[in-house]
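Report on the following structure.
The values are calculated or read from the model by the stated rules, or taken from the named source; none is laboratory data. Every value quoted in this text rests on a predicted model; they were computed, and no experiment measured them. With ideal geometry, Cβ positions are generated from the backbone for all residues, glycine too; neighbour counts draw on all protein chains shown. Side chains included, ligands, DNA and RNA excluded: accessible areas come from the protein's heavy atoms. Shrake-Rupley method; radii C 1.70, N 1.55, O 1.52, S 1.80 Å.
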Amino acid sequence: PQNHQLIDISGDKMELLYDMPLPLGEPHYAVAIKADKLKPAVRYKSGWNSRTNEKSPYKSRAGREKTERTCDAEGKCTVHVYGTTIRSHITPEIIEVVEGDTVSLHFTNLERAEDETHGFSMYGQNIQLSIEPGKTASATFVADKAGVYPYYCTEFCSALHLEMQGYLLVQPKGYQASTAGLVEGTTYTEADYNKQVKTNIETQAVIDSVVGYITSHNYKDFPTVVALVEDATDQLGFADEAKAKADAAAAEKDWSTAMLWANQWWQYQVKTADMGLRAKTYLEENGAKKVK
Ligand SMILES: [Cu+2]
């Protein structure tokens, strides 16, 4: 059982204003099991469907989120959202569908911390997901009423928990948007591009030093670190793809495109570096040994 209390701390003595017991967590028919008999999985493998106990075909990765809408011959449309949750963001934060669409939401929790569960709930739709680290959870519904439906994380996952929200926009059937002309975005110069590349090279030096530390220790003896290294390697692969695109655009002297890809390349590097540093800290704190 839980109990909420509202306490006034404005005076010299704390004063209890309100006591609210919650009817949660009352144990019934409990079974005690000796702790050493239990071998729980620490976390799901990335993209795991806990219901089928296999990889979800709807898993997603950071930077790989997408929404796909397909329609059959009768004009019935289905939307699949390949989304992610990680402190402190739900991606995508805007989902656009048309009234009558069947919508399948799939959220992969990208967290590697064991207890960093995120939740998902949407106003007006009977949807509740509990998304434990690594898990890909899915829910399907028909968007049968036009409108704006807020969605949000239902776990108090971090200080920025309230940032984890977004909106489902259900367009009325047959709606025609009258759009204003597009406004030209920021343009970038060769100097901007070179500056970004310089930053990326410096970031790479950090990554290289962290990789050097990890591989010179017995990191394979630590499953947490192995998982982090696996994810970091993935991210670095994406960084290489973005770098190739930046290089190609720079060769064409298309500095705006080159700059955008160089920035994307850097984003992936930062994710890699972050995971690498967490792995390094873990090794330091858990007495990893040097190997030759
Ligand atoms: Cu959350």
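Brief remarks follow.
- Any hit, the range 152-162, residues being in a strand (DSSP E or B), on the phi > 0 side of the Ramachandran plot, out of contact with any Gly (no Cβ under 7 Å at 6 or more places or on another chain) and not polar (S, T, N, Q): no
- Candidates ARG43, ARG69 - the one that is farther than 23 Å from LEU162 by Cα, out of contact with any Leu (no Cβ under 9 Å at 6 or more places or on another chain), in contact (Cβ under 8 Å) with a residue 24 or more places away in the chain and not assigned by TED's automatic domain parsing to the domain that holds GLY119: ARG43
- All told, SER60 meets the bar of being within 30 Å of THR91 (Cβ to Cβ) and in contact with a strand residue (DSSP E or B) (Cβ under 6 Å, 6 or more places away or on another chain).
- Of all residues in the range 129-162 being under 17 Å from the mean Cα position of the chain (by Cα) and among the polar types (S, T, N, Q), the one that is surrounded by the fewest Cβ atoms within 10 Å (Cβ to Cβ): SER130
- Members of the range 52-105 found to be away from the ligand (no atom under 16 Å from the Cβ), acidic (Asp, Glu) and under 17 Å from GLN171 (Cα atoms), listed by number: GLU68, GLU96, GLU99, ASP101
- Scanning the range 163-175 for residues that are within 16 Å of the ligand (Cβ to nearest atom) and buried (at least 17 other Cβ atoms within 10 Å of the Cβ) gives MET164, GLY166.
- Matching residues in the range 11-66 - criterion: being in a strand (DSSP E or B) and open to solvent by 70 Å² or more (accessible area, probe 1.4 Å): GLU15, LEU16, LEU17, TYR18, ASP19, MET20, PRO21, GLU54, LYS55, LYS66
- First in the range 138-162 and in the same structural domain as HIS80 (by TED's automatic domain parsing) and within 11 Å of the ligand (Cβ to nearest atom), second anywhere and open to solvent by 20 Å² or more (accessible area, probe 1.4 Å) and assigned to a strand (DSSP E or B), Cβ under 6 Å, 6 or more apart: TYR152/GLN165
- Which numbered condition ALA251 fails, given (1) of a type outside the set (Phe, Trp, Tyr); (2) under 26 Å from the mean Cα position of the chain (by Cα); (3) open to solvent by 50 Å² or more (accessible area, probe 1.4 Å): (2)
- Taken over the range 211-248, the criterion of being over 15 Å from GLY63 (Cβ atoms), in contact with a Gly (Cβ under 8 Å, 6 or more places away or on another chain) and open to solvent by less than 20 Å² (accessible area, probe 1.4 Å) is satisfied by ILE214, LEU228.
- When residues of the range 106-126 are limited to those that are crowded, with 17+ Cβ neighbours inside 10 Å and of a type in the set (A, V, I, L, M), the one farthest from the ligand (Cβ to nearest atom): MET122
- Filter pass, TYR167 being of a type outside the set (Val, Ile, Thr), assigned by TED's automatic domain parsing to the domain that holds VAL148 and touching a residue at least 60 places away in the same chain (Cβ under 8 Å): yes
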